[in-house]
Amino acid sequence: MEKCKFIQVQSPEEGAEQFYQLLKEELENDRLQVLGLATGSTMIPVYKKLTESALDFSNVTTFNLDEYVGLTASSPNSYAYFMNDHLFSKKKFKDTNIPNGVAPDLDAECTRYERALQDAKLDIQLLGVGENGHIAFNEPGTPADSVTHVATLTDSTLGVNSQYFENDEKIPETALTMGIASILSAKKLVLLAFGEKKRPALMKVLEGKVDQDWTITYLLEHDDVIIITDLDLK
Ligand code: GLP
């Protein structure tokens with residue numbers, strides 16, 4: 001039985017505040033040792049709030065959802081760079097993990113990452129959503145039992161995400177990403193979605209049926225999901 005709980009907020013900043021409160025409570029109750037993190041513009045106010053807060057993450061290990069193939073942490077377009085810029089350079093964590101998009105053997109890197117993730121056990125996984133309903137880089141059609149893998153990005157995702165690419169660097173067409181099973185292994189999932197472009201994806205969740213072509217709907221198979229949005233979905 002699905003239990004996606006929707007929380008409506010007035011702004012991304014209020015959404016970030018909600019997520020902060022949730023993390024604070026989990027930390028205070030000693031329920032947060034391993035935190036899954038996400039990237040994208042949605043997460044900027046979230047990380048701003050966390051870095052400005054007094055929360056202590058020095059006992060928290062993080063795992064990021066995904067990384068572009070071929071980009072190193074020194075590329076401003078890599079997710080490693082994004083994380084350093086917005087969070088890791090400002091808050092101390094016990095350990096941070098991001099898939100290595102320049103590993104010599106990408107399949108071996110996926111296996112290594114998935115194993116590390118399963119050994120650690122995610123307490124909370126933070127998620128955004130793509131306009132086509134993807135979570136992490138699990139594009140339409142990704143199966144429910146997928147674990148960390150190399151994904152080929154759709155034209156839609158390449159189009160949307162390339163707007164953030166700097167320095168004329170071409171957006172990679174592939175990425176390493178946690179799979180659906182990796183994400184659903186977290187004890188608690190919190191998805192943030194702001195703005196009209198995310199409405200179709202959230203409407204699919206409200207329809208209440210898992211649809212492989214909208215990978216966000218796999219969240220319906222998890223029993224502890226919070227969706228924070230500024231959209232009025234009634
Ligand atoms: C990328 C990431 C997703 C993220 C999505 C949304 O595709 N792989 O994890 O949810 O972007 O990005 P934004 O927050 O910029 O809308």
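Within segment 12-43, work out how many residues are over 12 Å from the mean Cα position of the chain (by Cα), within 26 Å of Ala116 (Cα to Cα) and either within 15 Å of the ligand (Cβ to nearest atom) or surrounded by 20 or more Cβ atoms within 10 Å (Cβ to Cβ) (or both).
So the count comes out to 4.
Among the residues of segment 19-30, is there at least one that is assigned to a helix (DSSP H, G or I) and of a type in the set (Lys, Arg)? Talk me through it step by step, then tell me what you get.
Going residue by residue through segment 19-30, those that are assigned to a helix (DSSP H, G or I) are 19-28.
Filter again for of a type in the set (Lys, Arg), leaving 24.
Within segment 19-30, one or more residues are assigned to a helix (DSSP H, G or I) and of a type in the set (Lys, Arg).
Does Ala175 fit the bill of being near the ligand (Cβ under 10 Å from one of its atoms) and at positive phi? Can you show your working first?
Details: near the ligand (Cβ under 10 Å from one of its atoms): yes; at positive phi: no.
No, not satisfied.
Could you please find all residues in segment 180-234 being crowded, with 18+ Cβ neighbours inside 10 Å, farther than 21 Å from Asn64 by Cα and among the charged types (D, E, K, R)?
Lys198, Lys204, Asp230, listed by residue number.
For segment 101-155, enumerate the residues that are part of a helix (DSSP H, G or I) and either in contact with a strand residue (DSSP E or B) (Cβ under 9 Å, 6 or more places away or on another chain) or within 10 Å of the ligand (Cβ to nearest atom) (or both).
Step one: of segment 101-155, the residues part of a helix (DSSP H, G or I) are 106-120, 155.
The answer is Leu106, Asp107, Glu109, Cys110, Tyr113, Glu114, Ala116, Leu117, Ala120.
Looking only at segment 51-82, how many residues end up being outside any loop (DSSP other than H, G, I, E, B) and over 16 Å from the mean Cα position of the chain (by Cα)?
Going through segment 51-82 one residue at a time, the tally reaches 2.
Of the conditions (1) in contact with a Gly (Cβ under 6 Å, 6 or more places away or on another chain); (2) on the phi < 0 side of the Ramachandran plot, Gly40 satisfies every one except a single condition; which number is it?
(2)
Kindly indicate whether any position in segment 156-167 is away from the ligand (no atom under 16 Å from the Cβ), on the phi < 0 side of the Ramachandran plot, assigned to a helix (DSSP H, G or I) and of a type outside the set (D, E, K, R).
First, pick out the residues of segment 156-167 that are away from the ligand (no atom under 16 Å from the Cβ): 167.
With the extra rule that they be on the phi < 0 side of the Ramachandran plot, the set shrinks to none.
The answer is no, given that none of the residues of segment 156-167 is away from the ligand (no atom under 16 Å from the Cβ), on the phi < 0 side of the Ramachandran plot, assigned to a helix (DSSP H, G or I) and of a type outside the set (D, E, K, R).
Out of all the residues in segment 156-181, which are touching an Asp or Glu at 6+ places or on another chain (Cβ under 6 Å), under 23 Å from Lys198 (Cβ atoms) and touching a residue at least 40 places away in the same chain (Cβ under 8 Å)? Don't jump to the end; show me each part of the working.
Initially, segment 156-181 is screened for residues touching an Asp or Glu at 6+ places or on another chain (Cβ under 6 Å), giving 160, 175-177, 181.
Cutting the leftovers down to under 23 Å from Lys198 (Cβ atoms) gives us 160, 175, 177.
Result: Ala175, Thr177.
Each row is one residue, and each column tells you yes or no for (1) surrounded by fewer than 18 Cβ atoms within 10 Å (Cβ to Cβ); (2) of a type in the set (Lys, Arg); (3) free of Cβ contacts under 8 Å to residues at least 60 places away in the same chain.
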site: Val69; (1), (2), (3): no, no, no
site: Ser89; (1), (2), (3): yes, no, yes
site: Gly101; (1), (2), (3): no, no, no
site: Cys110; (1), (2), (3): no, no, no
site: Val150; (1), (2), (3): yes, no, no
site: Thr154; (1), (2), (3): yes, no, yes
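Bear in mind these aren't lab numbers, they're just calculated from the coordinates by the rules spelled out. The shown structure was predicted, so the numbers you read here are calculated from the model rather than taken from an experiment. In this analysis, Cβ positions are derived from the backbone assuming ideal geometry, glycine residues included, and neighbour counts consider all displayed protein chains.
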